[in-house]
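For reference, the structure discussed in these notes is given below.
The values are calculated or read from the model by the stated rules, or taken from the named source; none is laboratory data. What you see is a predicted model, and the numbers here were worked out from it, not measured in a lab. Virtual Cβ from ideal backbone geometry, glycine too; neighbours counted across all protein chains shown.
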Amino acid sequence: MTETCKDALGDTWEVYKDNGGDWRWRRTARNGNIVGAASEGYANKSDCIANAQRNGMSCTPS
């Protein structure tokens with residue numbers, strides 16, 4: 001399950017479950033390069049989103 005959104009800069013933010021069942025986030029720039037990602041998995045989706053917001057996510061994935 002992957003949820004995405006685009007911020008004002010045009011970067012895409014993804015919140016997804018990894019193979020181990022943990023929630024992670026990833027930020028992809030307009031040119032397709034991954035410019036940020038969660039360094040750890042989170043058991044709760046809300047914790048993952050909160051970490052992404054601390055790292056600059058200003059949109060809401062859906």
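Things to note:
- Residue count, the stretch 41-59 (criterion: polar (S, T, N, Q), farther than 21 Å from GLY21 by Cα and either more than 10 Å from the chain's Cα centre (by Cα) or modelled with pLDDT under 95 (or both)): 1
- For the stretch 7-24, the set of residues classified as acidic (Asp, Glu) and surrounded by fewer than 13 Cβ atoms within 10 Å (Cβ to Cβ) consists of ASP18 only.
- TYR42 being under 14 Å from THR2 (Cα atoms), of a type in the set (Ser, Thr, Tyr) and surrounded by 12 or more Cβ atoms within 10 Å (Cβ to Cβ): no
- Search result, residues across the stretch 9-47 that are within 13 Å of MET57 (Cβ to Cβ), in a loop (DSSP other than H, G, I, E, B) and either of a type in the set (A, V, I, L, M, F, W, C) or touching a residue at least 60 places away in the same chain (Cβ under 8 Å) (or both): LEU9, ALA38
- The residues on offer are THR4, THR60, and the sole one that is outside any helix (DSSP H, G or I), touching a residue at least 12 places away in the same chain (Cβ under 8 Å) and loosely packed, with under 13 Cβ neighbours inside 10 Å is THR60.
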